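No lab work stands behind these numbers, since they all come straight from the coordinates. From a predicted model like this one, the values you see are computed outputs, not experimental measurements. Counting neighbours? That spans all protein chains shown, and the Cβs are built from the backbone with ideal geometry, glycine included.
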Amino acid sequence: MIAARLLLAAMLLPASVAAQNAASAGAAQGPVNPLWHEQKVRNYLPHMTWPEVQDLRTRTDMVIIPIAAMEQHSLHLPIGTDFLNGLERAKLVAQKTDVLVAPILLPGNSPYHMEFAGTITLSSQTIQQVYFEAAQSLMKHGFRRFLLLNSHGGNQVITRYIADRINQETEGIAVELGDAAAPFLTRAPQTGDPTGRVFDRHGGVGETSTSLYMTPNLVNLAAARRAALTMPEHLQKMLPEVVAGDPTATLVFLAEGLKATSTGKHTSTREMSDTGTWGLRDPREATADVGRRETENFVQAAVKFIERWKQLRPMHR
Ligand SMILES: [Zn+2]
């Protein structure tokens, strides 16, 4: 079984990774913690030794830093959905182009999910300071270029602020990888809704599809159901224009939607949804295949951006 798994890993991974895995498997003599199932992942900081980090630095000055969240994801997805999906995505990118992956925090800014059990939220001040100081640490080790990969809508502005602080205050250079990769995406992948006319956001079909591909054994599709939404009436009325892609309607809809109960806007997830999903599609329509296509589209676009950046600007020595 283990041999078969190693063989499979050797077939799927680049030679150097397979060699590393074989080496670490060889080191495992004696009893092993029964909960330990992770394989060593190339360029993934928590799995690396310091000489491996030093060696990687001779090949690249780039780091992907996922910007994560720990928040309710409806009845069927894990609290760590955004953390896990962002991190796995970053690891996939780093298998195709030589960059470091350095996760820093699990929680992000999620005050509007707090009425659902398990959500952890940090203030935007705390979050930006932690990531900024982490980037400064990585700069001490010679890394200079930062690809911030945000996986949670509520962190968008914070992520841009972290990038701007790095650019304005340090020798580092930072971009948001989602923004950077956007021009390299192939046309928007089909989400299984051929009309594209049904509202589908947090914990909906799109996100569930991604999770079915990224972390399938953490998805409990049997517990999923269509949410009953109770949006404020004026937001409900904007919905058709939002779904049709009207930029102005989307801007003002999102400025008001998904805000903490304390704001009095009545747009926290608990105030708008009975399950925690913010969407009108049934999450059970999700498929791993849609998740795979969406993920692969992003990964190839991110790799193209990174390769272009390497061309445009030589590595810091
Ligand atoms: Zn999410």
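A few remarks follow.
- Taken about its Cα centre, the chain carries a charge dipole of roughly 760 debye when the Cβ of each Lys and Arg holds +1 and the Cβ of each Asp and Glu holds -1.
- Cα-Cα pairs of the chain separated by more than 26 Å (percent): 51 percent
- FRET E, pair Asp289, Trp36, Förster distance 25 Å, beta-carbon r, rounded to 0.05: 0.25
- Per-residue [θ]222 nm for the chain (sum of -39500 (n - 2.57) over DSSP H runs n ≥ 4, rounded to 500): -14500 deg cm²/dmol
- Loop GluC sites (Glu not before Pro), the stretch 123-194, which have at most 10 other Cβ atoms in a 10 Å radius of their Cβ (DSSP): Glu171
- Compared with the dominant Cα axis of the chain, that is its longest principal axis, helix 124-140 is turned about 20°.
- Global size of the stretch 236-316 as Cα Rg and Dmax, reported in angstrom: 18.8, 52
- To the nearest ten degrees, helix 247-256 and the longest principal axis of the Cα atoms of the chain are 90 degrees apart.
- Helix 205-214 and the longest principal axis of the Cα set of the chain meet at an angle near 20°.
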